[in-house]
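Below is one structure; the comments refer to it alone.
The values are calculated or read from the model by the stated rules, or taken from the named source; none is laboratory data. What you are looking at is a predicted structure, and each value in this text was computed from that prediction instead of being measured. Reconstructed Cβ throughout: ideal geometry from the backbone, glycine too, with neighbour counts over all protein chains shown.
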Amino acid sequence: MKNSALLLPLLKVQSLQVNYGAVQILFDVSIDVYRGEIVSIIGPNGAGKSTLIKAIIGLHPPQTGQILFNSQNITHTPPHLIPQLGIGYVPQGRVVFASMTVMENLEMGAFLLPKHQRKNAIAKVCTQFPRLAQRYAVPAGQLSGGEQQMLAIGRALMLNPKLILLDEPSLGLSPKYVEMVFDSLLELKRQGHTLLMVEQNAARALALADRGYALELGRNRFTDTGQALLNNKDVRRMYLGG
Ligand SMILES: Nc1ncnc2c1ncn2[C@@H]1O[C@H](COP(=O)(O)OP(=O)(O)O)[C@@H](O)[C@H]1O
Ligand SMILES: [Mg+2]
């Protein structure tokens, strides 16, 4: 790749408008994510955070606007073609296959890999999340909430995505697991992954982020470095409870 290409955003969302039926949910939303960054999108319940992530992965195609990944226009790419582009998705709500074991859940994430590469991919994730290795034969439905979230993240890592999209990774977890999940996201960044996450836990998400975007009722409201947003008195008042 030419050096100049590295300076372009890995993901560029440009002036996105998304409707559900007659109701407009996103109005002219734009975000950039550069290689190696953690970018956090914050906003109250109903701000349109999940809708934005779903638009990126083709679940809610936009009315207008563009989504560029690696400078390629992916705006109308159907969801089933997204993983092989190098985009991993961890949906809201710790979505795992409850009756399948930890190992089988990881295998589901690896199905696009040639058979001989699957073992290595699973071993790598088990090194990253030793807790999953200990529990590999347990049905995912019997894991704690935090373990299920790690499994959902581990499954998204199977194809070694360039960009990982996470929808509310800390939602509903006990404080101990909130720490573990956020620590694991920093570790993924250290390993060279790029992360875009959506969080209602705005203070933690901004503290972790290189840059952040605050949405309000489906529109861009603030954007800056994570630290500057944390220090911004309007952001504190509107998003951080004072
Ligand atoms: N499938 C849907 N059909 C109609 N409206 C929806 C649907 N999903 C979400 N909405 C509405 O879109 C708005 C944004 O929702 P969402 O993107 O889930 O917000 P957030 O993730 O920030 O909480 C909300 O007003 C919500 O009620
Ligand atoms: Mg949501």
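Conditions (1) more than 16 Å from ligand 2 (Cβ to nearest atom); (2) out of contact with any strand residue (DSSP E or B) (no Cβ under 8 Å at 6 or more places or on another chain); (3) under 30 Å from Arg135 (Cα atoms), marked per residue:
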position	(1), (2), (3)
Pro78	yes, yes, no
Gly88	yes, no, yes
Ala98	yes, no, yes
Leu112	yes, yes, yes
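Taken together, the residues in region 47-75 that are within 16 Å of ligand 2 (Cβ to nearest atom) and either in contact (Cβ under 8 Å) with a residue 24 or more places away in the chain or acidic (Asp, Glu) (or both) amount to 11. If only residues of region 18-46 that are free of Cβ contacts under 8 Å to residues at least 24 places away in the same chain and assigned to a strand (DSSP E or B) are counted, the one that is nearest to ligand 2 (Cβ to nearest atom) is Val23.
Taken over region 77-110, the residue count meeting the criterion of being modelled with pLDDT under 95 and in a strand (DSSP E or B) is 0. If only residues of region 110-136 that are surrounded by 14 or more Cβ atoms within 10 Å (Cβ to Cβ) and charged (D, E, K, R) are counted, the one that is farthest from Gln148 (Cα to Cα) is Arg118.
Please go through region 62-78 and give me each residue that is more than 15 Å from Leu163 (Cα to Cα) and surrounded by fewer than 17 Cβ atoms within 10 Å (Cβ to Cβ), ordered by number. Result: Gln63, Thr64, Gln66, Asn73, His76, Pro78. Checking each residue in region 20-51 for being within 12 Å of Tyr213 (Cα to Cα), crowded, with 16+ Cβ neighbours inside 10 Å and more than 6 Å from ligand 1 (Cβ to nearest atom) picks out Val29, Ile31, Asp32, Val33, Ile38, Val39, Ser40, Ile41, Ile42. For beta carbons closer than 9 Å, sequence separation of 6+ or different chains, a first residue in region 167-186 that is more than 23 Å from Gly48 (Cα to Cα) and a second that is of a type in the set (Asp, Glu) and away from ligand 2 (no atom under 16 Å from the Cβ), the qualifying pairs are Tyr177/Glu147. The one condition from (1) closer than 17 Å to Val39 by Cβ; (2) surrounded by fewer than 22 Cβ atoms within 10 Å (Cβ to Cβ) that Glu179 does not meet is (1).
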